[in-house]
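A short reminder: the numbers here are calculations on the coordinates, not readings from a lab. What you see is a predicted model, and the numbers here were worked out from it, not measured in a lab. Methodologically, a virtual Cβ is constructed for each residue, glycine included, from the backbone with ideal geometry; neighbour enumeration extends over all protein chains shown.
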Amino acid sequence: MLARPFSLNRFTPHAALLPMALTVLVAYIGAALWTFRTSLTASRTFPSEKWIGLAQYVRLFDNERWMLSLNNLAVYGVLFIIACMVIGFLLAVFIDQNVRGEGLLRTVFLYPYAMSFIATGLVWQWLLTPGSGIEATVQSFGFSSFRFEWIIDQDMAIYAVVIATVWQASGLVMALMLAGLRGIDPEIWKAARLDGIPAWRVYVSIVLPMLGPTIATVFLLLSTAVVKLYDAVVAMTQGGPGIASEVPAKFIMDHLFLRSNVGLASAGAVMLLIPVLAVLAPYAYARSRGFGKRPRQKGHA
Amino acid sequence: MVTVRILAAACAWLCAAASAHAAQAAVPKAEVIHWWTSGGESAAVKQVAHAYRNAGGVWIDTAIAGGDQSRAVTINRIVGGNPPTAAQFNTSKQFLDVIEQNMLNNVDSVAQAHNWDQILPQPIIDVIKVQGHYYAVPLNIHMQTWFWYSKAAFQKAGITREPATIPEFFAALDKLKAAGIIPLAHGGQSWQETLLFSAVLANIGGREMYLKVLRDRDQATMNSPAFRQILQTFKRLKSYVDPNSPGRNWNDATAMVISGKAGFQVMGDWAKGEFTNARQQPGVHYGCIAGFGPASPYLIQGDVFVFPRTDDPAAVKAQNLLAGVVAQPNLQVTFSKLKGSIPVRTDINAAELDICAQKGIEIIKDRSRQLGVTEVYLTPDQNGALQDILTAYWNMNLPVEKVQRSIANALKY
């Protein structure tokens, strides 16, 4: 009688996790392996069995659009993550000052996140189109020589995408950071006030380090958003002008569905997996070493 | 691939079993996937549906907005073993892979009955006839590189007659610019830039060079000074385009010609629908130039129906009926009248069509002027790579030598 509940206790969690584990194995890892396999074949519209080794990869890195896409992704990624984090953190700090109408402000800041990237892109495309939106508004205030043409400027188009997506995503960062800030012990603030430490100093030296796990989460979320960047570009610039604002995900989608080149698209997808793993691996390693991990709770949860 | 085939076969068997009952009803039932969703297009496809019903069939309409989406759905359904009876493609290499996978039924009997070998333009035969078999029924011909112009803008700029040569064309553009009119209305999307480039290549390079570059993908020609000059002329047109063109849709550019804000637009004959909607008449409010010079190539593209492979006799019957209906000359005329295209067959009465279409029909009778668009000679993948380079060249400051090398490099694969 004693043995049975004991073994049940031991195996129930594993049994409960089994469907998820199978999904991960088949749908994620299986699909990734299949994609890698396809990238080694001469697949066009249909997957083929014709092996061509690494030729698709050679071709991929011979492709100017792909190289430009990678470059864009790097520029975009750095700017997007930094801007979202800074703006999100500042918004959170601002709201944490017990301002009036906090609920309303939170809703206002978080609202853009409820919109899809495609809607965000369309709104900002309209706002940034020369001759209408922002440019026309400022001109109507009397600044007739005002120009704001980033979206049709080959050197600036990618920054226009940064603006739109930062506007969309920083609300989420704010929400997460705010939760982190609220989790900080008020005693710390009291102690700092007693010692006469200025507020900004408390934020930089005490609060930010304590927000470590929150910042790591935010960073991870934003990084995946960077790699996935697709719909905002499609809605705002369609990769243009020319190919100036192309991104890897769009390259892959185009080659999968429009250009009937499953092989090349798969090679691109495999290459896109590498930065994700590069971000995830140190994170997973840090977690496994106990960094940022809560102490194991005693007793039953 | 093996598993996909087995799955497809299994599904096909199931479907065949399921539709065995339907076969007894003996009414041919055709589900047709297409992307004719705009006003003129849906009116045109209704003519086909109507003719099919008159011939005793049942038409099930599956319209999917956007050619890319529609083709993706068709291919997914074919692979998934639940193919439609017929599906629309462009007259191009878009469906070559499907043929090579042996997933289409051929329409040789219809082709023979209508004597396609003799009456169809060669560029169309080149894409629908693979290894001696016909795999698609062509519905119409679109010519992609018409030069549309506004008569009002011409008058304002003091242009007295339509340009007949390339230098005259540039002279007209200069006059329009001087009169404060946007000389060339351009929709700044990559496919439109490719289209503009095709117009330059066909009109300046001529038939020989066009085929050397696009069909033969000849490295020497692509690296030659003559080809460089064509690229430079293409880029020169940029100086006649307004700065707000990037991202603009083709119909917005047509609207600029309609309102007289712009002088020219280079666009396919589907632009006629926009003029007609704005109550403008060809020859009265606007003009159309097919190309410069008496030998300028007529760049052919159009729509076809393909018939996914099936062994179900009822489905085959429905497919054959549709193929026969579509090939009828009078249906092709009524369809093209609404669609803005011209019929595939040249042995028809052109009097019902407008003057631009009549011009086109006259030109296409000369076999030496028939050429395909880029998609006729290049696979979707090659065409896309060319498109990427051309749009980059058009929009960015790239040295022409580098562009030339990139094109040669991209068409190597």
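Overview of results
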| item | result |
| --- | --- |
| Contact order relative to length of chain B, as percent, for alpha carbon pairs under 8 angstrom and 6 or more apart | 27 |
| Cα gyration tensor shape for the protein assembly as shown, rounded if a/c is under 1.5, else prolate or oblate | oblate |
| Compactness of the stretch B:188-249 - radius of gyration and Dmax, Cα, Å | 12.7, 36 |
| Shape of the stretch B:315-378, Cα gyration tensor, a/c cut at 1.5 | oblate |
| Among A:VAL161, A:VAL24, A:VAL138: highest mean-square fluctuation, GNM of chain A, C-alpha pairs under 10 Å | A:VAL24 |
| Net +/- balance of residues flanking A:ALA92 in space, Cβ distance below 15 Å, scoring K and R +1, D and E -1 | 0 |
| Largest-first principal axis extents, alpha carbons of chain A, Å | 80, 64, 28 |
| Net charge over other residues, Cβ less than 14 angstrom from the Cβ of B:PHE89 (K, R count +1; D, E count -1) | -1 |
| Table column - 3J(HN,Hα) (Hz), the stretch B:93-98, Karplus curve with 6.51, -1.76, 1.60, x for Gly and Pro | 7, 4, 10, 4, 4, 5 |
| Exposure proxy order (Cβ contacts within 10 Å, fewest to most) of A:CYS84, B:CYS356 | B:CYS356, A:CYS84 |
| Linear extension gain, A:THR107 paired with A:LEU273, 0.36 nm per residue minus alpha-carbon span | 56.3 nm |
| When each of B:LYS177/B:LYS235; B:LYS272/B:LYS337; B:LYS93/B:LYS402; B:LYS339/B:LYS359 is checked by Cα-Cα distance, pairs over 19 Å | B:LYS93/B:LYS402 |
| For B:SER368, net neighbour charge (Lys/Arg +1, Asp/Glu -1) across residues whose Cβ lies under 12 Å away | +2 |
| Near-label residues of the stretch B:176-216 by backbone N, under 15 Å of a point 7 Å along Cα→Cβ of B:ALA226 | B:201-216 |
| Euclidean distance between Cα centres, the stretch A:27-44 to the stretch A:102-157, Å | 40 |
| A:SER145-B:ALA164 pseudo-label distance in nm [points 7 Å out on the Cα-to-Cβ vector] | 4.9 |
| Amide H contacts under 5 Å for B:GLY372, placed H, 5+ residues apart | B:ILE300 |
| Anisotropy class of chain B from Cα gyration tensor, a/c 1.5 cut | prolate |
| MRE, 222 nm, helices only [DSSP H, n ≥ 4, -39500 (n - 2.57), over chain B, to nearest 500] | -15000 deg cm²/dmol |
| Percent antiparallel among DSSP beta bridges (both partners in the protein assembly as shown, rounded to 5) | 60 |
| 5 angstrom amide H check on B:ASP303, placed H, neighbours 5+ away | B:THR91, B:LEU139, B:ASN140, B:HIS142 |
| 12 Å Cα-Cα reach of B:LYS151 towards aspartates and glutamates, excluding residues that sit fewer than 8 places from it in its own chain | B:GLU162 |
| Value at 222 nm in deg cm²/dmol, rounded to 500, when DSSP H runs of n ≥ 4 in chain A each add -39,500 (n - 2.57) | -21000 deg cm²/dmol |
| Among A:GLN56, A:GLN168, A:GLN97, residue whose mean-square fluctuation peaks in a GNM of chain A (springs only between Cα atoms under 10 Å) | A:GLN97 |
| Pair A:VAL86, A:ALA286: separation of 7 Å Cα→Cβ label points (nm) | 2.1 |
| Nearest 10 degrees, 0 to 90: helix B:225-236 Cα axis against chain B principal axis | 80 |
| GNM result for chain B, Cα springs below 10 Å: residue of B:ALA295, B:ALA113, B:ALA49 fluctuating most strongly | B:ALA113 |
| Alpha carbon centroid spacing (whole Å) that separates the stretch B:97-136 from the stretch B:183-233 | 28 |
| P(r) weight above 15 Å for the stretch B:100-178, C-alpha pairs, percent | 67 |
